[in-house]
Structure formats: C-alpha cells, structure tokens
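Below you'll find the structure, written out as structure tokens, and then a few comments.
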Amino acid sequence: MVALTACRQDMHDAPRVEPHEASDVFADGQGNRPLVEGTVARGTLSADALLTTGRVDEQLADVFPFPVDRKVLDRGQEKFDTFCAPCHGRTGLGNGMIVQRGFRPPPSFHEERVRTQPVGHYFDVMTNGFGAMLDYRSQVDVPDRWAIAAYIRALQYSQRAPLADVPEARRPELDRPAVTERPAAPGGGH
C-alpha cells in the first residue's frame, strides 16, 4: 500500500511544456503550436484599431470611428457629467467639485495645448490614464469614451464658435447672465 501512494502524481505535477520551451513531442521541436487557421478570439475582438485604440497607423486619430450626431453628443454629455465633471467641471474648465475640495486641478479643455490635441488623445487618456488621472477603461465602454470625446469637442467649439453659427432665434440667450448659483429650495431647506 505504501508503494502505491508513493507513485501518485497530482495534476499540478503533470508533465507540461512551458511557453516558448522546446519539445521533442512535435517534429518541429517547438512546444508552442501555431494557431489553427480561422481561429476566432475569445472575449472582445479588437478588429477595429481606430475604435479600440484611438489610433490610425499608430498615430492618434483626428477622426471618429462612427458618425457623431445629436444622440452621440447627448450620450457623451450624460457620461461626461457622470465621470468627467467631478474633476473637469461641467464646462471643461478644470474646476470641478473635486478641485473645489482641494485636489489638484486638471488642465482646462479650452487651453490651446489641450484644445489642439487630436480627438484620439482624449480617447487614449480615458482608456489608459495620464498624469494624475486614472484610466476609465473598466468604467466607461468604448463607444461611450468616443461619445465623451465628441462632447469635449462640442464644449471646446462652444467657447470659440462664431456668432454666425448661433441660430438667429437663440442669439438673445447669449446676452443673459449665466446662472452661477442654484436657487434655494422653498422654505430655505437644502
């Protein structure tokens, strides 16, 4: 009985070939086997480099991977207000609530050096982080990161748009003072 237990071999002790190790099992001497033709990736396939990396030919892209319409901008605003505005502020000036509480301010999206970045830069920073900003790849889906980038472009354009681009009927709104404080709740409560 003692002799039989000494011959026991657990799975974790099973003979195996480590990655890139030579093997005498196959005629070519390689332990790694080539992929079978027609193999499909498990999980998310990243076939569209522009969509998933924000790059074209390894350069940051200055184009969007899909058409930007009102629906995309609305989605971008919704996600921007949730994930970006706490630091960047709702207008992208870098004065969000986190900054008002004493944290280091991010750069304004309206600074020349930031405003002139290709749109792929914003996607890349959301995906991989930059400086003090952590990445948001697990919190914000790929299409939503692009929607946020589109909304950032709209914010930037809003600060430099020529008067001729504002519809005639909406121009009187430009002369209204900006609302800086939220109105008090009825009865003085918060």
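Collect the residues in the stretch 115-146 that are over 19 Å from Gln77 (Cα atoms) and among the β-branched types (Val, Ile, Thr), keeping them in residue-number order.
The answer is Thr116, and nothing else.
Out of all the residues in the stretch 134-163, which are in a loop (DSSP other than H, G, I, E, B), touching a helix residue (DSSP H, G or I) at 6+ places or on another chain (Cβ under 7 Å) and either of a type in the set (S, T, N, Q) or without any contact (Cβ under 8 Å) to a residue 40 or more places away in the chain (or both)?
Those that are in a loop (DSSP other than H, G, I, E, B), touching a helix residue (DSSP H, G or I) at 6+ places or on another chain (Cβ under 7 Å) and either of a type in the set (S, T, N, Q) or without any contact (Cβ under 8 Å) to a residue 40 or more places away in the chain (or both): Asp135, Arg137, Gln139.
Starting from the stretch 20-34, take each residue that is small (Gly, Ala, Ser) and list its partners that are part of a strand (DSSP E or B), counting only C-beta distances under 6 angstrom and pairs at least six apart or across chains.
Gly29/Ala22
Can you tell me which residues in the stretch 137-174 are among the small types (Gly, Ala, Ser) and more than 26 Å from Ala49 (Cβ to Cβ)?
Of everything in the stretch 137-174, those that are among the small types (Gly, Ala, Ser) and more than 26 Å from Ala49 (Cβ to Cβ) turn out to be Ser158, Ala161, Ala164, Ala169.
Would you pick out the residues in the stretch 89-103 that are among the polar types (S, T, N, Q) and loosely packed, with under 12 Cβ neighbours inside 10 Å?
Selection gives Gln100 alone.
May I ask you to list the residues in the stretch 113-133 that are more than 11 Å from the chain's Cα centre (by Cα), without any contact (Cβ under 8 Å) to a residue 60 or more places away in the chain, surrounded by 13 or more Cβ atoms within 10 Å (Cβ to Cβ) and more than 16 Å from His88 (Cα to Cα)?
Scanning the stretch 113-133 gives Gln117, Pro118.
Tally time: how many residues in the stretch 27-81 are under 16 Å from Leu155 (Cα atoms) and of a type in the set (Gly, Ala, Ser)?
1
Take Thr5 and decide whether it is modelled with pLDDT of 75 or more and either within 21 Å of Gln156 (Cβ to Cβ) or part of a helix (DSSP H, G or I) (or both). Write out each step before concluding.
Working: modelled with pLDDT of 75 or more: no; either within 21 Å of Gln156 (Cβ to Cβ) or part of a helix (DSSP H, G or I) (or both): yes.
For Thr5, the condition - modelled with pLDDT of 75 or more and either within 21 Å of Gln156 (Cβ to Cβ) or part of a helix (DSSP H, G or I) (or both) - is not met.
The values are calculated or read from the model by the stated rules, or taken from the named source; none is laboratory data. Please read all numbers here as calculations on a predicted model, not as lab measurements. Note that each Cβ is placed from the backbone with ideal geometry, even for glycine, and that neighbours are counted across all protein chains shown.
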